[in-house]
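The structure under discussion appears below in the form of structure tokens.
The values are calculated or read from the model by the stated rules, or taken from the named source; none is laboratory data. Fair warning: this is a prediction, and the values are worked out from it, not measured in the lab. Glycine gets a Cβ as well: all are built from the backbone with ideal geometry, and neighbour counts include every protein chain shown.
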Amino acid sequence: MIIILTQCFPPRLGGIENLVESLSLELSKVYEVLILADQYNKSEDNLYDSNFKNNISIKRFGGIKFLRKRKKIIDLKKYLKLKKITCVIGDSWKSFELSVDILNNQSIPSICLAHGNEIIPKNFYYKKRLITTYDKVSKIVCNSNYTKNLIKNIGVTNQSIAYIHPGAQNNINFPDKKIQKLNGSPIIVTLARLEKRKGHSYILSAIEKLKKEYPNILYVIAGSGEELSSLQRLVKTLDIENNVLFVGNINNNEKNFLFKKTDLLVMPTTDESGNRSIEGFGIAYIEAAFYGIPSIASNVGGTPEAVLHEETGLILSNINDVYLSIQNLLSDRKKVEKLGKNAKVRAEKYFLWSDVVKKYLHIINNIDKKN
């Protein structure tokens, strides 16, 4: 059995949630998989869990964080006694902070995933906690080479560290679900949490200029977050209400409908590491690539590993170049098609979860145990 400890799991939405879900389901084709997850929404959790009960076992833990983490550890200990555990995978160092000593005492291998934001220390105590935990786990698996270097640079001495780019869900053959008011040409999309670092405001400023040349241009903002009201105010200020559509969180079927109509995915992330926010990789770029959609990204964090400059999209060295980059691509249909074709070929070759999981299985089958 493989046990997965996670604070981030569907039906809660997010990149880490998608990664842990896909990894769990792929591993369940080879191993019995048990998920010990935080409770998100009791009714939604129950519905989700019942849909996947034939693939994975899921146990949820609610209540305040202090008690929730400790209840999870109590259950973990029970399963360690009852089952033969191949390894334990944690969605981040936080899921191992209270459990790694228990696992090491029983010589059970631990694999800690690393994504980006959780690695940036907010104070000395936080930094000490994460370094101590990382140095105790059997293996650290990062989502990008950038994230791997981030861990090394904060002082982690654990040498058993690797990076595996996340797989992405290819929804192209799924039934699609219509999104209302999706009318426009060309259509530009950002699929992300509404956070400052995702660069929405720069794109909105570009749309104000682009609508003079493309009066029917539509910028679709998919996702939710704390920046929603601020972005809505900016749309009104720029007088581009007819060219911007907020669709909120979308499921895979709606995503399928949206991407089939999308010309460009634009997400020029900014460096908000000072506010403990950074893009470790960027799965949305790969999701779009399955549809032959090129992306415009920025040279920040791990995004240059998700989008290859002048091969599968454009990497901006200066985020203020968003307008010119979109304009140049929209005016060169052949280049858009070429970049999109390259993106699709790369996504299908390297980012299908059925292939990505083989890298995890190799680690699981060869992992050294901590004593």
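Remark: GLU241 matches the filter, which requires a residue to be over 30 Å from GLN169 (Cβ atoms) and of a type outside the set (Val, Ile, Thr).
Annotation: ALA297 fulfils all but one of (1) out of contact with any Gly (no Cβ under 7 Å at 6 or more places or on another chain); (2) outside any loop (DSSP other than H, G, I, E, B); the unmet one is (1). Scan segment 122-135 and tell me whether some residue there is part of a strand (DSSP E or B), closer than 20 Å to GLY280 by Cα, touching a residue at least 12 places away in the same chain (Cβ under 8 Å) and not charged (D, E, K, R). Within segment 122-135, none of the residues are part of a strand (DSSP E or B), closer than 20 Å to GLY280 by Cα, touching a residue at least 12 places away in the same chain (Cβ under 8 Å) and not charged (D, E, K, R). All conditions but one from (1) surrounded by 20 or more Cβ atoms within 10 Å (Cβ to Cβ); (2) assigned by TED's automatic domain parsing to the domain that holds ASN117 apply to ASN149; the one that does not is (1).
Can you tell me which residue within segment 88-116, out of those that are assigned to a helix (DSSP H, G or I) and in contact with an Asp or Glu (Cβ under 9 Å, 6 or more places away or on another chain), is surrounded by the most Cβ atoms within 10 Å (Cβ to Cβ)? Steps first, answer last, please.
Pass one, segment 88-116, residues assigned to a helix (DSSP H, G or I): 93-95, 100-105.
The next check asks that each one be in contact with an Asp or Glu (Cβ under 9 Å, 6 or more places away or on another chain); those that pass are 93-94.
Values: TRP93: 24, LYS94: 18.
For segment 88-116, the residue satisfying everything is TRP93.
Can you pull out every residue in segment 248-262 that is surrounded by fewer than 19 Cβ atoms within 10 Å (Cβ to Cβ) and in contact with a Pro (Cβ under 9 Å, 6 or more places away or on another chain)? If the condition is that a residue be surrounded by fewer than 19 Cβ atoms within 10 Å (Cβ to Cβ) and in contact with a Pro (Cβ under 9 Å, 6 or more places away or on another chain), then ASN253 is the only one that fits.
Candidates LEU245, LEU265: the one that is in contact with a helix residue (DSSP H, G or I) (Cβ under 6 Å, 6 or more places away or on another chain), among the aliphatic types (A, V, I, L, M), buried (at least 18 other Cβ atoms within 10 Å of the Cβ) and not in a helix (DSSP H, G or I) is LEU265. ASN153 meets the conditions (1) among the polar types (S, T, N, Q); (2) under 22 Å from TYR285 (Cβ atoms); (3) without any contact (Cβ under 8 Å) to a residue 24 or more places away in the chain in every case but one. The failed one is (2). Residues in segment 44-87 that are without any contact (Cβ under 8 Å) to a residue 12 or more places away in the chain and either in a helix (DSSP H, G or I) or crowded, with 19+ Cβ neighbours inside 10 Å (or both): ASN46, ASP49, SER50, ASN51, LYS65, PHE66, LEU67, LYS71, ILE74, LYS78, LYS81, LEU82. Scanning segment 26-41 for residues that are modelled with pLDDT under 95 and of a type in the set (S, T, N, Q), we see that the one that is farthest from SER354 (Cα to Cα) is ASN41. Comparison of ASN117, ASN143, ASN123 shows that the only residue that is farther than 27 Å from PRO10 by Cβ and polar (S, T, N, Q) is ASN123. Inside segment 287-329, can you point out the residues that are touching a helix residue (DSSP H, G or I) at 6+ places or on another chain (Cβ under 9 Å) and hydroxyl-bearing (Ser, Thr, Tyr)? Those that are touching a helix residue (DSSP H, G or I) at 6+ places or on another chain (Cβ under 9 Å) and hydroxyl-bearing (Ser, Thr, Tyr): TYR291, SER295, SER298, THR303, THR312, TYR323, SER325. If we scan segment 121-137, do we find a residue that is surrounded by 15 or more Cβ atoms within 10 Å (Cβ to Cβ) and under 21 Å from LEU27 (Cβ atoms)? Looking for residues that are surrounded by 15 or more Cβ atoms within 10 Å (Cβ to Cβ) and under 21 Å from LEU27 (Cβ atoms), one finds at least one in segment 121-137, hence yes. Identify the residue in segment 327-349 that is hydrophobic (A, V, I, L, M, F, W, C) and under 24 Å from the mean Cα position of the chain (by Cα) and, among all such residues, is surrounded by the fewest Cβ atoms within 10 Å (Cβ to Cβ). For segment 327-349, the residue satisfying everything is VAL345.
Answer with yes or no whether SER24 is without any contact (Cβ under 8 Å) to a residue 60 or more places away in the chain and surrounded by 15 or more Cβ atoms within 10 Å (Cβ to Cβ). Talk me through it step by step, then tell me what you get.
Values: without any contact (Cβ under 8 Å) to a residue 60 or more places away in the chain: yes; surrounded by 15 or more Cβ atoms within 10 Å (Cβ to Cβ): yes.
So SER24 passes the test.
Could you tell me whether segment 211-227 includes any residue that is more than 28 Å from PRO304 (Cβ to Cβ), of a type in the set (Gly, Ala, Ser) and without any contact (Cβ under 8 Å) to a residue 60 or more places away in the chain? No, segment 211-227 has no match at all.
So which of LEU204, LEU182, LEU194 ends up being assigned to a helix (DSSP H, G or I) and either touching a strand residue (DSSP E or B) at 6+ places or on another chain (Cβ under 9 Å) or in the same structural domain as GLY292 (by TED's automatic domain parsing) (or both)? Before the answer, list the steps.
Details: LEU182 fails: assigned to a helix (DSSP H, G or I); LEU194 fails: assigned to a helix (DSSP H, G or I).
Being assigned to a helix (DSSP H, G or I) and either touching a strand residue (DSSP E or B) at 6+ places or on another chain (Cβ under 9 Å) or in the same structural domain as GLY292 (by TED's automatic domain parsing) (or both) holds for just one of LEU204, LEU182, LEU194, which is LEU204.
Taken over segment 101-120, the criterion of being farther than 23 Å from GLY167 by Cα and either free of Cβ contacts under 8 Å to residues at least 60 places away in the same chain or not assigned by TED's automatic domain parsing to the domain that holds ASN153 (or both) is satisfied by ASP101, ILE102, ASN105, GLN106.
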